[in-house]
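Data first, discussion second: the structure below is written as structure tokens.
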Amino acid sequence: MAGEPRTVAPARAAPAAHPAAIEVRSLVKTYPRGVRALDGISFSAARGEITAVLGPNGAGKSTLIKAMATLTGFDAGSIGVDGVDVRTRPAEVRRRIGVVSQSYSSDPSATGYDNLRLQARIYGLRGDRLRARLHELLDWMDLGSAAGRLVRTYSGGMRRRLELAMGLVHEPAVLVLDEPTAAVDPVAAEGLWSLVTELCRDRRMSVLLTTHQLDEADRLASWVVILNQGAVVVQGSPQDLKEELSGDVVAVRLTDPATARQVEAAMKRLAQVRNVAWTGAELRADIQGDARALGSVLEVLTAHSVTGPVSVSRPSLNDIYFRHAGGHR
Ligand SMILES: Nc1ncnc2c1ncn2[C@@H]1O[C@H](COP(=O)(O)OP(=O)(O)OP(=O)(O)O)[C@@H](O)[C@H]1O
Ligand SMILES: [Mg+2]
């Protein structure tokens, strides 16, 4: 299990008159054959801000998105979207939420325009209103000249922009994006992020996104929720999360099991060393204090005849994983 949920900053509570964009309370979801994808998670995503949900493969991110978008049920807990309860008023939630799924939902054998038109018709747009909205979205997503082309001829970035347009067709108050930059090159990803930032800043839309990219979350989100094995392991602003990380991170690769066990035990006995954890065959630890602390770590390695490369780095948001979700061998 991932351990007790932690918040490094005071939990945010939305005033009753202005409900949070998304309020998740004690959410539990078990798939058939007993896979507990969400194990009682709680957090809120503030209005008009970007909230990022991070976590390794299988953490439960897509399950969470599907539950809030009414695409899958859940066993216990509650989700409010823009103040509307997902379970009791799903149709109203669907009007308020726009979803861009991890897997594509556009039809590759139809044109971008036809995909978007179908989506608009599902939401009841007709005639001049429909044409005006499509024109606006295609223009905004820079797809105007490609609108008549079959989607299968689109680049990864163009397809993601089309999917984004499809999620926005009904002008939702809340937009949820499940790994919008997966399999997108860095330039196209940057384009997507500036569109998302614009949605938030200029159109006061609330955005919740999932990503594996901690640096993206750091740059864009005002609140970060880290999931592991269906539980919230830590949440806070990127600033809070990083301030919690002081000292350096030392990493060393240990392939011999006996040596690995002895070095791990010896490191754990050092006063200035904390959070000793494994990532595969790499032992990582936080060192507090000055060069003497590093010296004592190197002494341990020398004493066990470890001669391989040792790296010492400043902590990044990545180290949150090791500290809170932390690996075991
Ligand atoms: N339809 C399903 N039936 C059974 N188990 C499922 C189903 N969908 C997901 N799971 C399981 O639920 C857990 C959470 O999966 P989920 O797809 O939500 O994770 P994720 O964080 O989105 O991962 P990724 O980063 O790979 O997209 C995993 O153990 C997964 O195998
Ligand atoms: Mg997923």
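Since every read-out is calculated from the coordinates, none of them should be taken as a lab result. In this text, all values refer to a predicted model and were calculated from it rather than measured experimentally. Positions of Cβ are backbone-derived with ideal geometry, glycine not excepted, and every protein chain shown enters the neighbour counts.
Each of Tyr104 and Gln288 was given a label point 7 Å from its Cα along the Cα-to-Cβ line. The distance between the two points is 5.1 nm.
Here region 268-285 and region 52-125 have alpha carbon centers that stand 40 Å from each other.
Taking a straight line from the alpha carbon of Lys61, these lysines sit under 20 Å away, with near neighbours fewer than eight places off in the same chain left out: Lys29. Estimated from helices alone, the mean residue ellipticity of the chain at 222 nm is -10000 deg cm²/dmol (sum of -39500 (n - 2.57) over DSSP H runs with n ≥ 4, per residue).
When the charge dipole of the chain is built from unit charges on Cβ atoms (+1 for Lys and Arg, -1 for Asp and Glu) and taken about the Cα centre, the candidate among Ile22, Met68, Leu208 whose Cα reaches farthest toward its positive end is Met68. Rounded to the nearest 10 degrees, the inclination of helix 127-140 to the longest alpha-carbon principal axis of the chain is 30 degrees.
Note down the relative contact order for region 198-239 as a percent, whole number, built from C-alpha pairs under 8 angstrom at least six residues apart.
Result for region 198-239 is 26 percent.
Assigning unit charges at the beta carbon (Lys, Arg +1; Asp, Glu -1) and nothing else, what dipole magnitude in debye, to the nearest 20, does the chain show about its Cα centre?
It works out to roughly 900 debye.
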